[in-house]
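See structure below.
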Amino acid sequence: MKLLTAIAVAALSLPFGANAFAQSNPSGLTRAEVMAQLQQAQAEGLVPARNNDYPPSDAEIARNREIYAIQHGTDGAGATKTAGAPAGQAGAASN
């Protein structure tokens, strides 16, 4: 009798257990959208940020913008001045 009860409980619990592991709501963003958001944040200078400098300071954002402009060959029109040096010279001065 105990075996029959155990089988009945196991059989009834299978449909409920399967639903617990199913992903009913997919993520709202696709991989391409996440990559585009990450690239935009990098261009704006918001990432990378050090753990002890969060949220990033204005100087860190300006430095990140300069580094992004150098790495991606942009004109740096969006770059700001860092420590009183022109945007083009600030990156060279820090190296």
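Calculate the spin-label point distance for Ile70 paired with Met1, positioning each point 7 Å from the Cα along the beta-carbon direction, and give it in nanometres.
Here the modelled spin labels are 8.2 nm apart.
Taking the highest mean first, how do the peptides 41-47, 60-66, 28-34 order by number of other beta carbon atoms within 10 angstrom per residue? The partial results should precede the final answer.
Numbers: 41-47: 16.3, 60-66: 20.4, 28-34: 9.3.
Those peptides, ordered most packed to least, come out 60-66, 41-47, 28-34.
I'd like the FRET efficiency for Thr30 and Ala59, computed as 1/(1 + (r/R0)^6) with the beta carbon distance as r and R0 of 30 Å, rounded to 0.05. Don't skip to the end; give the middle numbers.
Numbers: r = 34 Å, r/R0 = 1.14.
That pair, Thr30 with Ala59, gives E of 0.30.
Roughly how many nanometres apart are two label points built 7 Å out from the Cα toward the Cβ at Leu12 and Ala43?
5.9 nm
Taken together, the values in this text are just the output of simple stated rules run on the coordinates, not laboratory data. The structure displayed is predicted, hence computed values, not measured ones. Cβ coordinates were reconstructed from backbone atoms using ideal geometry, including for glycine residues, and neighbour counts include every protein chain displayed.
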